[in-house]
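Note sheet for the following structure.
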Amino acid sequence: VVRVTPNATGTFTVSTTGAPFPTSGTICVLIINTSGTTSYTMTFSSTDFRSSGTLTTGTVGALYFMITFVSDGSKLCEMSRTTGLA
C-alpha cells in the first residue's frame with residue numbers, strides 16, 4: 001500500500017532499486033489523497049502499468065481515490081478504481 005498527496009501533476013512509475021519487480025499475483029494499492037482546491041492530473045507509466053487511464057483529482061480537498069493493481073510479473077495491471085471518497 002502506497003499513499004500519496006499530490007502537489008503537482010505527475011506520472012507514477014515503479015521503482016525497484018535493490019529489489020525485483022513485484023512477483024506475479026502481488027496486489028498493490030495506491031491511495032491518492034487530495035488537498036487544497038487545485039486539480040492535478042496523475043498518469044501511469046506505460047512501462048510499469050496497464051491502467052484504465054489518467055486520474056484527475058478535482059478541486060475538492062480531503063478526498064481519497066484508491067486504485068488496486070495486480071502484478072503480472074512485468075507490469076502492474078489495474079483491477080479497480082474508486083471515485084473520490086470523502
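The values are calculated or read from the model by the stated rules, or taken from the named source; none is laboratory data. The structure displayed is predicted, hence computed values, not measured ones. With ligands, DNA and RNA removed, areas are computed over all heavy atoms of the protein, side chains included. Shrake-Rupley method; radii C 1.70, N 1.55, O 1.52, S 1.80 Å.
For the reader, a short list of remarks on this structure follows.
- Distant-in-sequence amide H partners of residue 12 (H built 1.01 Å from N, under 5 Å): 43, 44, 45
- Mean separation of Cα contacts under 8 Å (6+ apart) over length of the chain, as relative contact order %: 32
- Gaussian network model of the chain, Cα within-10 Å springs - most flexible of 34, 57, 47: 47
- In the chain, the DSSP beta bridges split such that about 65 percent are antiparallel, to the nearest 5.
- Karplus (6.51, -1.76, 1.60) ³J(HN,Hα), θ = phi - 60°, over the stretch 16-28, in Hz, Gly and Pro reported as x: 10, 4, x, 8, x, 4, x, 5, 3, x, 5, 9, 10
- Whole-percent carbon and sulfur share, accessible surface of the chain, 1.4 Å: 56
- Heavy atoms of the protein chains alone define the surface here; on that basis the chain has 57 Å² accessible area per residue at 1.4 Å probe size.
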